[in-house]
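To keep things clear, I will list the structure first and then write my remarks on it.
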Amino acid sequence: MKTAKRDFLRLIDLEAGEILTVLDHAKAMKNQRASGARRHPLEGRSVALIFEKPSTRTRVSFEVGVYELGGHPVVLSSRDMQLGRGESIEDTARTLSGYVHAIVIRTFGHDRVEALARAARVPVINALTDEHHPCQILADLLTVRESHGRIEGLRYAWVGDGNNVARSWVEAAARLGFELTLASPEGYELPPSELPSNARTVRDPREAVEGADVVITDVWASMGQEDEAERRRKAFAGYLVDPALMAHASRNAVVLHCLPAHRGEEINAVYLDGPASVVWSEAENRLHTQKALLEHLMR
Ligand code: CP
Ligand code: NVA
């Protein structure tokens, strides 16, 4: 019997046990890679990587990841495709499904990824939409495991915009049950109806960070919001993650940022450039977690 294809459009598309399995496998592959060992589970298979927005980490980690798994990555900018001239996302999905064995896409509205997944006959992975960034959270969770030895039983604080990365963190809290407090200015919070009982929004970043083990932030204006940057800078004043704010966190707390970052705006440079920074491991972990994800979905 043919089993249904698996997509990863939002974090909750994986069960809790699957998230932990992917993280275990990612860590094992990270260690194997360091020792020079190679496995090629995607040999003979190709993966299309479509970008409708800029990307450094996601693009390179997926391209290198597919290569390291023995597969062939086909990196596509929508500008160079008929998609950029108005061919529908559904017709693109049907066509690509005849050539490749999975499709990874970064785009604007989440409905575009959903439409692509419905029309595609191969697994589809969301590499960021305006609403979700699930691949980022897999890397973040691995980074937390490396810094604290566990994910469960820790307190998590989100400081800043109720954006795509925040929403995927909320879904991680829903799946894994940890306590998540978000601090966002009025008008920039996630809708309360989206929050599970173990997540809540407050206004004061100090209240969110109080006793937190993991503090997460992101830019105040995401891709596509460039016109709002000035208004957002005013609204988010006071939401800087700096040593004064981190004085409220637990002693061994780590600061996560998906990057790219604006030093001195949403994050103090010490959490990027200081000796205790975990942000560069977080960026590297995109490679390992996405390799594990690709294997999980393409088995
Ligand atoms: N964090 C992240 O997704 O980075 P890129 O935009 O560079 O892919
Ligand atoms: N929230 C940011 C994340 C970038 C990786 C954006 O969407 O631009």
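FYI, it's all coordinate maths here, none of it is from the lab. Please read all numbers here as calculations on a predicted model, not as lab measurements. Here Cβ is always computed from backbone atoms with ideal geometry, including for glycine, and neighbour counts include all displayed protein chains.
Tabulated data
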{"quantity": "For the chain, calculated [θ]222 nm from helices alone, where every DSSP H run of n ≥ 4 adds -39500 (n - 2.57)", "calculated": "-12000 deg cm²/dmol"}
{"quantity": "Loop GluC sites (Glu not before Pro), the stretch 1-107, which have at most 13 other Cβ atoms in a 10 Å radius of their Cβ (DSSP)", "calculated": "Glu15, Glu43, Glu87"}
{"quantity": "Centre separation in Å (Cα based) which lies between the stretch 96-147 and the stretch 1-77", "calculated": "10"}
{"quantity": "Euclidean distance between Cα centres, the stretch 246-274 to the stretch 158-219, Å", "calculated": "16"}
{"quantity": "Surrounding net charge for Thr58, when Lys and Arg each add one and Asp and Glu each subtract one, Cβ distance under 9 Å", "calculated": "+4"}
{"quantity": "Burial ordering of Tyr67, Tyr99, Tyr271, fewest other beta-carbon atoms within 10 Å first", "calculated": "Tyr99, Tyr67, Tyr271"}
{"quantity": "Alpha-carbon Rg with Dmax, taken over the stretch 28-76, Å", "calculated": "11.9, 36"}
{"quantity": "Scattering profile of the stretch 159-261 at q = 0.14, 0.19, 0.24 Å⁻¹ [log10 I(q)/I(0), Debye over alpha-carbon scatterers]", "calculated": "-0.50, -0.95, -1.47"}
{"quantity": "Cβ-defined net charge surrounding Gly84, 15 Å radius [Lys, Arg +1; Asp, Glu -1]", "calculated": "+1"}
{"quantity": "Sorted by Cβ neighbour density within 10 Å, fewest at the top, the residues Trp280, Trp220, Trp158, Trp169", "calculated": "Trp280, Trp220, Trp169, Trp158"}
